[in-house]
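Take a look at the structure below.
Only the coordinates and a few stated rules stand behind these numbers; no lab work does. From a predicted model like this one, the values you see are computed outputs, not experimental measurements. Cβ placement follows ideal geometry from the backbone for every residue including glycine, while neighbour counts extend to all protein chains displayed.
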Amino acid sequence: MCFYEIEPFGLRADYYGHAVTAKTVADVNRKKGTKPYDIEEFIPKFEQKGQTVEQMMMIAEMITVALGGEDLRSEA
């Protein structure tokens with residue numbers, strides 16, 4: 001972890017080089033008087049937010065219907 005802080009490696013480090021290129025292209029094409037872009041705007045974010053139980057149930061219901069199934073919960 002200490003070495004990573006000094007010399008990052010992995011996907012984030014790989015994306016950083018591409019982000020520098022994308023930022024440079026975006027900055028030279030921005031309108032005069034606007035502030036330069038931040039490098040973080042060009043690095044992909046892969047974090048996923050957790051789902052609520054209600055969201056999970058809704059997705060399960062949609063998949064069930066899409067596959068031709070039926071909701072048997074009310075028949076208990």
Scan region 38-75 residue by residue and report those that are under 30 Å from His18 (Cβ atoms) and either touching a Cys at 6+ places or on another chain (Cβ under 9 Å) or among the β-branched types (Val, Ile, Thr) (or both). Ile39, Ile43
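Of all helices (runs of 4 or more DSSP H) completely enclosed by the chain, which ones contain at least 2 residues that are of a type in the set (Asp, Glu) and surrounded by 10 or more Cβ atoms within 10 Å (Cβ to Cβ)? Please lay out each step first, then the result.
Working: elements: 2-6, 11-28, 53-66.
Passing ranges, in order: 11-28.
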